[in-house]
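Have a look at the structure below, then the notes.
The values are calculated or read from the model by the stated rules, or taken from the named source; none is laboratory data. Just so it is clear, the model here is predicted, and its values are computed rather than measured. Heads up, the Cβs are rebuilt from the backbone with ideal geometry, glycines too, and the neighbour counts pull from every protein chain shown.
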Amino acid sequence: MSKLSVHIGNEPTGLQDFERIAKPAVIYSINNTVTPVNRETITIRRVQNDKWHRLPDAMGQPNYFKPVAQGGIDPIVAARNELLLKKMYVPKRGNLNLIEFWKLGRADYYAPYNEPVLGDSVDHIAKAQWLNDYTCEALTIARVYGLHLSIFSFASGNPHPDTLPHLAPAASLCAAYGGIIDVHEYGIDGPLMSARSSGAFGYRRLIEAFDECPPIVVSEAGAGGGYNTSLRGAAWVATWHVAVRLMPRGVWCWARVLSNSIKARSLALITAR
(Lines give C-alpha, C1' and ligand atoms only; values in the text may rest on other atoms or scores of the structure.)
Protein backbone atom coordinates (compact mmCIF):
# COMPACT_ATOMS: atom_id res chain seq x y z
CA MET A 1 0.00 0.00 0.00
CA SER A 2 1.09 3.58 -0.67
CA LYS A 3 1.30 6.10 2.16
CA LEU A 4 -0.60 8.50 -0.06
CA SER A 5 -4.32 9.14 -0.18
CA VAL A 6 -6.59 10.50 -2.88
CA HIS A 7 -9.39 13.09 -2.83
CA ILE A 8 -12.36 12.81 -5.18
CA GLY A 9 -15.31 15.03 -5.93
CA ASN A 10 -18.62 14.22 -7.55
CA GLU A 11 -18.75 11.67 -10.36
CA PRO A 12 -15.10 10.53 -10.42
CA THR A 13 -13.89 8.71 -13.53
CA GLY A 14 -11.20 6.04 -13.72
CA LEU A 15 -10.97 5.67 -9.96
CA GLN A 16 -10.81 1.87 -9.85
CA ASP A 17 -8.04 1.70 -12.45
CA PHE A 18 -6.16 4.33 -10.46
CA GLU A 19 -6.60 2.34 -7.25
CA ARG A 20 -5.25 -0.87 -8.77
CA ILE A 21 -2.06 0.87 -9.84
CA ALA A 22 -1.46 3.38 -7.03
CA LYS A 23 -2.91 1.40 -4.10
CA PRO A 24 -3.78 4.53 -2.08
CA ALA A 25 -4.00 4.16 1.68
CA VAL A 26 -6.96 6.54 1.95
CA ILE A 27 -9.78 7.75 -0.31
CA TYR A 28 -11.53 10.97 0.76
CA SER A 29 -14.80 11.51 -1.08
CA ILE A 30 -17.26 14.38 -1.16
CA ASN A 31 -20.82 13.04 -1.38
CA ASN A 32 -19.85 9.89 -3.28
CA THR A 33 -19.93 6.43 -1.76
CA VAL A 34 -16.74 4.58 -2.59
CA THR A 35 -16.19 0.83 -2.44
CA PRO A 36 -12.39 0.45 -2.54
CA VAL A 37 -10.70 -2.07 -4.82
CA ASN A 38 -8.18 -2.82 -2.07
CA ARG A 39 -9.47 -4.04 1.30
CA GLU A 40 -6.74 -2.15 3.13
CA THR A 41 -7.85 1.23 1.74
CA ILE A 42 -9.51 3.54 4.29
CA THR A 43 -12.45 5.70 3.19
CA ILE A 44 -13.52 9.13 4.47
CA ARG A 45 -16.78 10.74 3.34
CA ARG A 46 -18.04 14.29 3.67
CA VAL A 47 -21.51 15.45 2.68
CA GLN A 48 -21.83 18.94 1.23
CA ASN A 49 -25.08 20.06 -0.36
CA ASP A 50 -27.87 22.62 -0.01
CA LYS A 51 -28.75 21.32 3.46
CA TRP A 52 -25.34 20.60 5.02
CA HIS A 53 -22.68 23.09 4.11
CA ARG A 54 -18.90 23.19 4.41
CA LEU A 55 -19.18 24.51 7.97
CA PRO A 56 -21.93 24.29 10.60
CA ASP A 57 -24.64 26.93 10.19
CA ALA A 58 -23.73 28.39 13.57
CA MET A 59 -20.23 29.34 12.37
CA GLY A 60 -21.79 31.61 9.80
CA GLN A 61 -23.00 33.93 12.56
CA PRO A 62 -20.55 36.75 13.48
CA ASN A 63 -20.61 36.18 17.26
CA TYR A 64 -21.19 32.43 17.37
CA PHE A 65 -18.19 31.82 19.66
CA LYS A 66 -19.29 34.24 22.38
CA PRO A 67 -21.29 33.26 25.48
CA VAL A 68 -24.97 32.78 24.81
CA ALA A 69 -25.76 35.79 27.03
CA GLN A 70 -23.68 37.90 24.63
CA GLY A 71 -25.37 36.67 21.48
CA GLY A 72 -23.30 33.54 20.99
CA ILE A 73 -24.46 30.04 20.09
CA ASP A 74 -24.10 27.04 22.39
CA PRO A 75 -21.72 24.62 20.58
CA ILE A 76 -23.48 21.58 22.06
CA VAL A 77 -26.82 22.78 20.73
CA ALA A 78 -25.21 23.60 17.38
CA ALA A 79 -23.74 20.09 17.02
CA ARG A 80 -27.05 18.44 17.84
CA ASN A 81 -28.77 20.69 15.33
CA GLU A 82 -26.36 19.78 12.52
CA LEU A 83 -26.18 16.04 13.13
CA LEU A 84 -29.64 15.24 14.49
CA LEU A 85 -32.23 17.96 13.97
CA LYS A 86 -31.63 19.30 10.46
CA LYS A 87 -33.22 16.97 7.93
CA MET A 88 -33.25 16.49 4.18
CA TYR A 89 -35.92 14.69 2.19
CA VAL A 90 -34.62 11.65 0.30
CA PRO A 91 -36.99 9.91 -2.14
CA LYS A 92 -38.27 6.55 -0.86
CA ARG A 93 -36.52 7.12 2.49
CA GLY A 94 -38.22 10.19 3.90
CA ASN A 95 -36.64 12.99 5.94
CA LEU A 96 -33.15 12.05 7.13
CA ASN A 97 -30.80 13.78 9.51
CA LEU A 98 -27.05 13.89 8.85
CA ILE A 99 -26.32 10.69 10.78
CA GLU A 100 -28.95 8.85 8.73
CA PHE A 101 -27.74 10.45 5.53
CA TRP A 102 -24.16 9.40 6.28
CA LYS A 103 -25.33 5.83 6.73
CA LEU A 104 -26.68 5.79 3.16
CA GLY A 105 -23.07 5.69 1.98
CA ARG A 106 -20.68 3.45 3.84
CA ALA A 107 -17.31 4.86 4.89
CA ASP A 108 -14.76 4.16 7.59
CA TYR A 109 -14.88 7.79 8.76
CA TYR A 110 -17.17 10.77 8.25
CA ALA A 111 -16.03 14.42 8.18
CA PRO A 112 -18.52 16.77 9.87
CA TYR A 113 -17.03 20.03 8.51
CA ASN A 114 -14.23 21.44 6.35
CA GLU A 115 -11.63 24.17 6.99
CA PRO A 116 -12.96 25.95 10.09
CA VAL A 117 -11.31 29.36 10.35
CA LEU A 118 -10.05 30.32 13.79
CA GLY A 119 -7.74 33.13 12.69
CA ASP A 120 -5.19 34.86 14.90
CA SER A 121 -7.20 37.80 16.24
CA VAL A 122 -8.15 38.46 19.85
CA ASP A 123 -11.04 35.99 19.42
CA HIS A 124 -9.09 33.00 18.10
CA ILE A 125 -8.87 31.25 21.48
CA ALA A 126 -12.61 31.58 22.06
CA LYS A 127 -13.24 30.22 18.56
CA ALA A 128 -10.95 27.26 19.27
CA GLN A 129 -12.76 26.50 22.51
CA TRP A 130 -16.10 26.63 20.72
CA LEU A 131 -14.84 24.29 17.97
CA ASN A 132 -13.46 21.92 20.60
CA ASP A 133 -16.81 21.69 22.39
CA TYR A 134 -18.70 21.34 19.11
CA THR A 135 -16.37 18.58 17.94
CA CYS A 136 -16.56 16.68 21.25
CA GLU A 137 -20.35 16.65 21.02
CA ALA A 138 -20.24 15.56 17.37
CA LEU A 139 -17.86 12.72 18.29
CA THR A 140 -20.17 11.65 21.13
CA ILE A 141 -23.26 11.67 18.90
CA ALA A 142 -21.50 9.72 16.16
CA ARG A 143 -20.31 7.12 18.66
CA VAL A 144 -23.88 6.50 19.85
CA TYR A 145 -24.73 5.51 16.27
CA GLY A 146 -21.59 3.44 15.72
CA LEU A 147 -19.83 5.95 13.45
CA HIS A 148 -16.28 7.30 13.54
CA LEU A 149 -15.34 10.86 12.59
CA SER A 150 -12.49 12.59 10.81
CA ILE A 151 -12.12 15.93 12.58
CA PHE A 152 -10.55 19.39 12.23
CA SER A 153 -9.82 19.51 8.44
CA PHE A 154 -7.74 22.63 8.96
CA ALA A 155 -6.55 24.70 6.00
CA SER A 156 -2.84 25.00 5.26
CA GLY A 157 -0.89 26.79 7.97
CA ASN A 158 -3.81 26.56 10.39
CA PRO A 159 -4.68 26.71 13.19
CA HIS A 160 -2.58 29.23 15.11
CA PRO A 161 -0.25 27.34 17.50
CA ASP A 162 -1.79 29.14 20.48
CA THR A 163 -5.11 27.39 19.84
CA LEU A 164 -3.78 23.84 19.94
CA PRO A 165 -3.98 23.33 23.75
CA HIS A 166 -7.64 24.31 23.56
CA LEU A 167 -8.27 21.66 20.89
CA ALA A 168 -6.48 18.89 22.78
CA PRO A 169 -9.63 17.56 24.53
CA ALA A 170 -11.31 16.96 21.16
CA ALA A 171 -8.17 15.26 19.83
CA SER A 172 -8.02 13.03 22.91
CA LEU A 173 -11.71 12.10 22.66
CA CYS A 174 -11.29 11.42 18.96
CA ALA A 175 -8.43 9.04 19.70
CA ALA A 176 -10.44 7.30 22.42
CA TYR A 177 -13.42 6.86 20.10
CA GLY A 178 -11.34 5.49 17.22
CA GLY A 179 -11.48 8.58 15.01
CA ILE A 180 -8.85 10.37 12.95
CA ILE A 181 -7.71 13.91 12.15
CA ASP A 182 -7.41 15.30 8.63
CA VAL A 183 -5.54 18.45 7.61
CA HIS A 184 -4.60 20.29 4.41
CA GLU A 185 -1.04 20.92 3.21
CA TYR A 186 -0.83 23.24 0.22
CA GLY A 187 2.43 24.96 -0.74
CA ILE A 188 1.99 28.45 0.71
CA ASP A 189 5.35 30.13 0.16
CA GLY A 190 6.42 28.93 -3.28
CA PRO A 191 8.06 25.51 -3.13
CA LEU A 192 7.11 23.63 -0.01
CA MET A 193 9.22 24.79 2.92
CA SER A 194 9.92 23.07 6.20
CA ALA A 195 10.07 26.33 8.18
CA ARG A 196 7.15 26.89 10.54
CA SER A 197 6.69 30.39 9.11
CA SER A 198 5.75 28.86 5.74
CA GLY A 199 2.81 27.03 7.27
CA ALA A 200 4.00 23.74 5.81
CA PHE A 201 3.94 20.37 7.53
CA GLY A 202 1.26 21.48 9.96
CA TYR A 203 0.52 17.88 10.87
CA ARG A 204 3.82 17.82 12.77
CA ARG A 205 2.60 20.59 15.07
CA LEU A 206 -0.49 18.56 15.91
CA ILE A 207 1.57 15.50 16.79
CA GLU A 208 3.76 17.62 19.05
CA ALA A 209 0.83 19.42 20.70
CA PHE A 210 -1.50 16.50 21.42
CA ASP A 211 -0.44 13.92 24.01
CA GLU A 212 -3.15 11.63 22.64
CA CYS A 213 -3.10 12.22 18.90
CA PRO A 214 -5.26 10.13 16.56
CA PRO A 215 -3.93 8.99 13.18
CA ILE A 216 -3.60 11.91 10.74
CA VAL A 217 -4.58 12.08 7.08
CA VAL A 218 -3.35 14.91 4.87
CA SER A 219 -6.62 15.06 2.98
CA GLU A 220 -5.81 17.98 0.67
CA ALA A 221 -2.46 19.09 -0.65
CA GLY A 222 -0.82 20.58 -3.71
CA ALA A 223 1.62 23.16 -5.04
CA GLY A 224 0.27 26.68 -4.57
CA GLY A 225 -3.49 26.32 -4.53
CA GLY A 226 -3.23 22.77 -5.80
CA TYR A 227 -2.90 23.38 -9.54
CA ASN A 228 0.67 24.65 -9.99
CA THR A 229 2.29 22.77 -12.88
CA SER A 230 5.33 25.09 -13.15
CA LEU A 231 8.83 24.42 -11.84
CA ARG A 232 7.62 25.55 -8.42
CA GLY A 233 4.98 22.85 -8.59
CA ALA A 234 7.65 20.30 -9.48
CA ALA A 235 9.72 21.47 -6.51
CA TRP A 236 6.71 20.97 -4.27
CA VAL A 237 6.23 17.39 -5.52
CA ALA A 238 9.93 16.65 -5.04
CA THR A 239 9.82 17.93 -1.46
CA TRP A 240 6.78 15.82 -0.65
CA HIS A 241 8.42 12.82 -2.29
CA VAL A 242 11.04 12.99 0.48
CA ALA A 243 8.61 14.04 3.23
CA VAL A 244 6.24 11.15 2.63
CA ARG A 245 9.03 8.63 3.09
CA LEU A 246 9.88 10.22 6.44
CA MET A 247 6.31 10.40 7.76
CA PRO A 248 5.78 8.52 11.02
CA ARG A 249 3.43 5.60 11.18
CA GLY A 250 -0.18 6.69 11.36
CA VAL A 251 0.23 9.66 8.99
CA TRP A 252 -0.93 9.48 5.39
CA CYS A 253 -0.37 12.09 2.70
CA TRP A 254 -2.68 13.16 -0.11
CA ALA A 255 -2.22 13.85 -3.82
CA ARG A 256 -4.55 16.28 -5.55
CA VAL A 257 -6.91 14.44 -7.87
CA LEU A 258 -9.71 16.19 -9.71
CA SER A 259 -12.98 14.56 -10.73
CA ASN A 260 -11.90 13.95 -14.32
CA SER A 261 -8.12 14.04 -14.07
CA ILE A 262 -7.19 10.85 -12.26
CA LYS A 263 -5.07 9.27 -15.00
CA ALA A 264 -3.20 12.50 -15.72
CA ARG A 265 -2.13 12.87 -12.10
CA SER A 266 -1.37 9.25 -11.25
CA LEU A 267 2.38 9.45 -11.85
CA ALA A 268 3.12 11.87 -9.00
CA LEU A 269 1.35 9.63 -6.50
CA ILE A 270 2.90 6.38 -7.74
CA THR A 271 6.47 7.70 -7.73
CA ALA A 272 6.04 8.99 -4.17
CA ARG A 273 5.20 5.58 -2.75
Name, by its number, the condition in (1) under 21 Å from Pro159 (Cβ atoms); (2) buried (at least 16 other Cβ atoms within 10 Å of the Cβ); (3) basic (Lys, Arg) that does not hold for Arg54. (2)
Unmet criterion (only one of (1) out of contact with any Lys or Arg (no Cβ under 8 Å at 6 or more places or on another chain); (2) touching a residue at least 24 places away in the same chain (Cβ under 8 Å); (3) basic (Lys, Arg); (4) in a loop (DSSP other than H, G, I, E, B)) for Lys51: (1)
Among the numbered conditions (1) outside any loop (DSSP other than H, G, I, E, B); (2) under 17 Å from Ile180 (Cβ atoms); (3) within 17 Å of the chain's Cα centre (by Cα), tell me where Ala128 comes up short. (2)
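For residues that are in contact (Cβ under 8 Å) with a residue 24 or more places away in the chain and either under 29 Å from Thr33 (Cβ atoms) or exposed (fewer than 14 other Cβ atoms within 10 Å of the Cβ) (or both), tally how many sit in the range 120-129. Talk me through it step by step, then tell me what you get.
Filtering the range 120-129 down to residues in contact (Cβ under 8 Å) with a residue 24 or more places away in the chain leaves 120, 123-129.
Filter again for either under 29 Å from Thr33 (Cβ atoms) or exposed (fewer than 14 other Cβ atoms within 10 Å of the Cβ) (or both), leaving 120.
Of the residues in that region, 1 qualify.
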Out of (1) among the hydroxyl-bearing types (Ser, Thr, Tyr); (2) in contact with a strand residue (DSSP E or B) (Cβ under 7 Å, 6 or more places away or on another chain); (3) farther than 19 Å from Tyr64 by Cα; (4) at pLDDT 95 or above, the odd one out for Ser156 is which? (4)
Selection count, the range 142-159, where residues are surrounded by 21 or more Cβ atoms within 10 Å (Cβ to Cβ) and in a helix (DSSP H, G or I): 1
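If I filter the range 32-41 for residues that are more than 19 Å from Phe154 (Cβ to Cβ), in a strand (DSSP E or B), polar (S, T, N, Q) and under 17 Å from the mean Cα position of the chain (by Cα), do I get at least one hit?
No, the range 32-41 contains no residue that is more than 19 Å from Phe154 (Cβ to Cβ), in a strand (DSSP E or B), polar (S, T, N, Q) and under 17 Å from the mean Cα position of the chain (by Cα).
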Unique match (being charged (D, E, K, R) and under 24 Å from Thr35 (Cα atoms)) among Lys92, Lys87: Lys92
Report whether or not His166 is surrounded by fewer than 17 Cβ atoms within 10 Å (Cβ to Cβ) and over 15 Å from the mean Cα position of the chain (by Cα). no
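Mind checking whether some residue in the range 160-167 is within 24 Å of Leu98 (Cα to Cα), in a helix (DSSP H, G or I) and at pLDDT 95 or above?
Quick first cut of the range 160-167, residues within 24 Å of Leu98 (Cα to Cα) only: 167.
After this cut, where a residue has to be in a helix (DSSP H, G or I) as well, the list is 167.
Now narrow it down to the ones that are at pLDDT 95 or above: 167.
Within the range 160-167, one or more residues are within 24 Å of Leu98 (Cα to Cα), in a helix (DSSP H, G or I) and at pLDDT 95 or above.
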